[in-house]
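*Asks:* Have a look at this one before I ask anything.
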Amino acid sequence: MFEGRRVFVVVPAHNEEKLIGTVLDTMPAVVDRIIVVDDASRDRTLQILAEAAPRMGDRLRVVARPKNGGVGAAIVSGYKAALEEAQEHALVAVMAGDAQMDPHDLTKLLLPLVRDQADYTKGNRLFTGEAWEIIPRHRYLGNAVLSLLTKIASGYWHVADSQSGYTAITAEALSVLHLERLYPRYGFPNHLLVELNNYDFRVRDVPIRPVYNVGEVSGIRLHKVIPTLSWLLLKCYFWRMKEKYIIRDFHPLIFFLTMGLFLMTLGVGLGIWIVVYRLTEGALSPTTVIFDAFCLIMGMQMLFFAAWMDMEHNKGLR
């Protein structure tokens, strides 16, 4: 237990025969229950878990998924299993099965929850300059791009490391979320932030130590992940605008957002027409060019106003 509260740790695992044993053996003593979700592994992961069961005792529970659904789906299975056992005020963390999360950082994630300073904590590997030296550069830059898009989509402008899967949440907050509608694969932590914001849960960034080159094999392919997650985050953004600022409580930023998108679309479309007309027909009235510039400038300003109002509305959720 930690500060008198039971601690559950969900460990999603897919083909982690090399490192799952290390994850179990280094699990902090404050953890009451380790829920390992095997996401249809094709290696010896399940066998290693079976061999570990006698020495782990009641601390270990294995949930075997018959079909691979992705890391997000595995975490959701673990969350549901934790909620089946969790009592009031329990804490539920997530640690990967590839030993890339320092067990010593777990209490840092739990502390804001027990002090009622946050409902959900998220590890931030980018807090210090150490991350630039440890994390592969292409992954660091890809993470930075996705983190920026996630800030806009989720409304948590203070959350920097959106792709970090080292998290902790209160059982009370977890029980409110609609877990079944979350993205099942690598976009899960991004989508979860959008879901949390929809219910005005407080999210806090917690500096953690980045861990790499311990024998893990990454399944992330940035050239596929970034376009897929960018599209997901675009849809999440408009879903959050609808749910939070129209359905739940109408907010004037919708006017700025709608007019901004309209003027930007009109300005871009007119700009393309102007270029084509100049190339094919020649001279064009200066008034048309001035009107196009007006649409683009006003549209951009209105979008900035909408973003600023969103930031102000969510500044208490940190």
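The values are calculated or read from the model by the stated rules, or taken from the named source; none is laboratory data. This is a predicted model, so every value here is computed, not measured. Backbone-built Cβ (ideal geometry, glycine too); neighbour counts: all protein chains shown. Just the protein is used for accessible areas: all its heavy atoms, side chains included, with ligands, DNA and RNA removed. Shrake-Rupley method; radii C 1.70, N 1.55, O 1.52, S 1.80 Å.
*Asks:* Cut-off 10 angstrom, C-alpha nodes, Gaussian network model of the chain. Which of Val203, Val176, Val275 fluctuates the most?
*Replies:* Ranking Val203, Val176, Val275 by mean-square fluctuation puts Val275 first.
*Asks:* When only Cα pairs under 8 Å and 6 or more residues apart are kept, what is the percent relative contact order across the chain? Please list the in-between numbers first.
*Replies:* On the way: 520 pairs, mean separation 57.6, N = 318.
Worked out over the chain, it gives 18 percent.
*Asks:* Now for a different question. Based on the Kirkwood radius over alpha-carbon pairs, what is the Stokes-Einstein translational diffusion coefficient of the stretch 15-82 at 4 °C with 1.567 mPa s viscosity, in µm²/s? Let's see the in-between values first.
*Replies:* Numbers: Rh = 12.3 Å.
Roughly 106 µm²/s, to the nearest whole number.
*Asks:* Right, next: Keeping the other protein chains in place, figure out the carbon and sulfur percent of the accessible area of the stretch 74-199, with a 1.4 Å probe. Mind dumping the intermediate values first?
*Replies:* Numbers: 2620 of 4640 Å².
Within the stretch 74-199, the accessible surface is 57 percent carbon and sulfur.
*Asks:* Restricting attention to the alpha-carbon atoms of the stretch 148-275, what are Rg (one decimal) and Dmax (integer), both in Å?
*Replies:* 17.6, 57
*Asks:* Right, something else. Can you send over the solvent-accessible area of Lys224, 1.4 Å probe, protein chains only, in Å² to the nearest 10?
*Replies:* Per-residue accessible area (Lys224): approximately 130 Å².
*Asks:* Rounded to whole Hz and in sequence order, give me ³J(HN,Hα) for the stretch 241-258 from the Karplus expression 6.51 cos²θ - 1.76 cosθ + 1.60, θ = phi - 60°, writing x for Gly and Pro.
*Replies:* Values, residue by residue: 4, 5, 5, 8, 10, 10, 6, 6, 6, 5, 10, x, 4, 4, 4, 5, 5, 5 Hz.
*Asks:* From the Cα gyration tensor of the stretch 1-144, with a ≥ b ≥ c the square roots of its eigenvalues, which class applies: rounded if a/c is under 1.5, or else prolate if a/b is larger than b/c, or else oblate?
*Replies:* Working: a/c = 1.65, a/b = 1.08, b/c = 1.53.
It is oblate, given that a/c is not under 1.5 and a/b is not larger than b/c.
*Asks:* Around Gly155, under 9 Å between beta carbons, what's the net of Lys plus Arg minus Asp minus Glu among the other residues?
*Replies:* Working: positive: Lys151, Arg240, Lys244; negative: Asp310.
Around Gly155, the surrounding residues sum to +2.
*Asks:* As an exercise, identify the GluC sites (Glu not before Pro) in the stretch 216-318 lying in DSSP coil whose Cβ has no more than 12 other Cβ atoms within 10 Å. Before the final figure, lay out each step's value.
*Replies:* On the way: sites: Glu216, Glu243, Glu281, Glu312; in loops: Glu216, Glu281.
Within the stretch 216-318, the qualifying GluC sites (Glu not before Pro) (loop, at most 12 other Cβ atoms within 10 Å) are Glu281.
*Asks:* How about the stretch 1-105: which GluC sites (Glu not before Pro) there lie in a loop by DSSP and see at most 14 other Cβ atoms within 10 Å?
*Replies:* Numbers: sites: Glu3, Glu16, Glu17, Glu51, Glu84, Glu85, Glu88; in loops: Glu3, Glu16, Glu17, Glu88.
Passing sites in the stretch 1-105 are Glu3, Glu88.
*Asks:* Please work out the average accessible area per residue across the chain, using the 1.4 Å probe convention, and give it in Å². Each step should come with its number before you reach the end.
*Replies:* Details: 15550 Å² over 318 residues.
Accessible area per residue, the chain: 49 Å².
*Asks:* Short version: ³J(HN,Hα) in whole Hz for each residue of the stretch 196-210, in order, from phi by Karplus 6.51 cos²θ - 1.76 cosθ + 1.60 (θ = phi - 60°), x for Gly and Pro, what are they?
*Replies:* After applying 6.51 cos²θ - 1.76 cosθ + 1.60, I find 5, 5, 4, 10, 6, 7, 7, 10, 10, 7, 10, x, 9, 8, x Hz.
*Asks:* Could I ask something else about it? With a 1.4 Å probe and all protein chains kept in place, how much accessible area does Arg125 have, in Å² rounded to the nearest 10?
*Replies:* The accessible area comes out at roughly 40 Å².
*Asks:* Amide H neighbours of Ala40 under 5 Å, at least 5 residues apart or on other chains, H built in the peptide plane: list them.
*Replies:* Arg65
*Asks:* Another question, if that's okay. Would you mind checking the pairs Lys224/Lys244; Lys18/Lys244; Lys18/Lys122; Lys67/Lys244 and listing those with alpha carbons more than 32 angstrom apart?
*Replies:* In this structure, Lys18/Lys244; Lys67/Lys244 lie more than 32 Å apart at Cα.
*Asks:* If you don't mind, there's one more thing I want to ask. Just to confirm the filter: which trypsin sites (Lys or Arg not before Pro) across the stretch 22-66 are DSSP coil and have at most 12 other Cβ within 10 angstrom of their Cβ?
*Replies:* Details: sites: Arg33, Arg42, Arg44, Arg55, Arg59, Arg61; in loops: Arg42, Arg44.
Filter output for the stretch 22-66: Arg42.
*Asks:* Continuing with this model, one more query. What order do Phe291, Phe304 take when sorted by accessible area (1.4 Å probe), most exposed first? Numbers along the way, then the final one.
*Replies:* Details: Phe291 100, Phe304 135 Å².
Result of the area sort, largest leading: Phe304, Phe291.
*Asks:* Could I ask something else about it? Could you work out the helix-only [θ] at 222 nm for the chain, with each DSSP H run of four or more residues adding -39,500 (n - 2.57) and the total divided by the number of residues, to the nearest 500 deg cm²/dmol? Working shown, then result.
*Replies:* On the way: 11 runs with 160 residues, N = 318.
It comes out at -16500 deg cm²/dmol, rounded to the nearest 500.
*Asks:* Against the 2.2 N^0.38 Å scaling, with N counting residues, where does the chain land? I'd like the Cα-based Rg ratio to two decimal places. Don't jump to the answer; show the numbers that get you there.
*Replies:* Working: Rg = 22.8 Å, N = 318, 2.2 N^0.38 = 19.6 Å.
That ratio works out to 1.16.
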